[in-house]
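Trainee: Before I ask anything, let me first share the structure, which is written out below as structure tokens.
The values are calculated or read from the model by the stated rules, or taken from the named source; none is laboratory data. None of the values given here were measured: they were computed from a predicted structure. Neighbour counts run over all protein chains shown; Cβ positions are idealised from the backbone, glycine included. Note: areas computed on protein heavy atoms with side chains; ligands, DNA, RNA excluded. Shrake-Rupley method; radii C 1.70, N 1.55, O 1.52, S 1.80 Å.
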Amino acid sequence: MHPELMRIEEQYLSLVADLQAGHIGQADALAVLANLTAVDGEGWVWSIDPSTGEFLRALPGQPGAFADPAQFSVSRLPVVPVEVPPHGTPAHQVSEYLHPNLRPTPPAPAVERAGQALSTAAGSIVSGIGGAAKPVRGLLAGRGRSVLVVLVAVVLVAALVAGRPGGGESGTDVSPSSVPTPTVPPPTIVIPGSEDAVSSATTVPGAVPSSLPALPTDAELASFLELLGSGEAAALAPRLPESQRERLELLPVLGAVRGGLALSFGAPRLSGTDVLVQVRAGDPESPLRRWSLRLRRDTAGGWVVVSVSRA
């Protein structure tokens, strides 16, 4: 079961216990119950039916229907495409939401690029002159420095012209990139018991019953188990199922005490207008056999077995 469904189920059981103990009124309990919802990844709104304790799901604005908790969809974040600008893009054209590791390297200043080009070109010229000017070294004796200065000046001017934003073929237009930023609406917080909580109860899928069924007390269950093991036909008759098939299924429970096995019961829980309780034969910690009894309170206030199944 998904943690969100476990959360609202635990709150529902705690609310039922507080209602039975008299710590909270019926109207306040229904108002709090109306806010016990969870939304899965597909937009289904999940809630608990107060009369049965079973899970309901519905789309917003539609009536709820009983659903298996295994159908709860896990939320997943969508993949957001990120456009990475090329290196050399100016800083004012890069989105401020782009991750620092994806930001392009800004272009080097024109003076720095010209200096790098000058140093590279000067080294090439000097090495070329040193190898090609040997036959005419005598002719250029005393004039080599002047020639070198002229060549360096020509290379510097060419580098500056090529480095301008609109000059040469190196100038490119880079369109600014933008990363869409999703906007998430703020959550609506409803305080249990307030007017908003009561009004929002009408939007919860399914009808809210007027009252919650009460669980049997430990004393009532102990008295009922004693009656099952007593073997008194007259007292057992009004407490047994109407169906003969269900009575046959109940025979192992009725005969457990006569076989020397003690009967014990587990914690009861609601199931619609009925109550489900587990009966164990033998040691309560490691019972030899278990049964699940569906009980229903009759008009006289006593408990009647509706059905029995092997647990």
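Trainee: List the residues whose amide H sits under 5 Å from the amide H of Asp274, counting only those 5 or more places along or on another chain, with H placed 1.01 Å from N in the peptide plane.
Mentor: Amide H neighbours of Asp274, under 5 Å, 5+ apart: none.
Trainee: In nm, what is the difference between 0.36 nm times the number of residues separating Asp283 and Ala234 and their Cα-Cα distance?
Mentor: Working it through step by step, the gained length comes to 14.7 nm.
Trainee: How much accessible area per residue does region 240-311 have, counting only protein heavy atoms and a probe of 1.4 Å, in square angstrom?
Mentor: Value returned for region 240-311: 58 Å² of accessible area per residue.
Trainee: Please list, ordered by chain and number, the residues whose modelled amide H lies under 5 Å from the amide H of Arg289; skip anything fewer than 5 residues away on the same chain.
Mentor: For Arg289, the qualifying residues are Ala281.
Trainee: I've got another one for you. Sorted from largest down, what three extents in whole angstroms do the Cα atoms of region 219-311 have along their principal axes?
Mentor: Principal extents (Cα only, largest first): 35, 28, 27 Å.
Trainee: Could you give me the ³J(HN,Hα) list for region 18-28, computed from phi with Karplus coefficients 6.51, -1.76, 1.60 and θ = phi - 60°, whole Hz, x at Gly and Pro?
Mentor: Whole-Hz 3J(HN,Hα) from phi for region 18-28: 5, 5, 5, 7, x, 7, 8, x, 5, 5, 5.
Trainee: Please give, to one decimal in nm, the separation of the simple spin-label points placed at Ala300 and Ala262, each 7 Å out from Cα toward the Cβ.
Mentor: So the label points at Ala300 and Ala262 sit 3.0 nm apart.
Trainee: Separate question: Hey, what's the Kirkwood Rh for region 1-43 if you take every pair of different alpha carbons, in angstrom?
Mentor: 11.2 Å
Trainee: For the residue pair Arg7 and Glu112, what label-to-label distance in nm results when each label sits 7 Å from Cα along the Cα-to-beta-carbon direction?
Mentor: Placing both labels 7 Å along Cα→Cβ, they lie 5.0 nm apart.
Trainee: For region 1-121, what % of the accessible area comes from carbon and sulfur atoms, probe 1.4 Å?
Mentor: Carbon plus sulfur share of accessible area: 58 percent.
Trainee: Now, a different point. Starting from the Cα-Cα distance between Val152 and Leu251, subtract it from 0.36 nm times their residue separation and give me the gain in nm to one decimal.
Mentor: Value of the extension gain: 24.4 nm.
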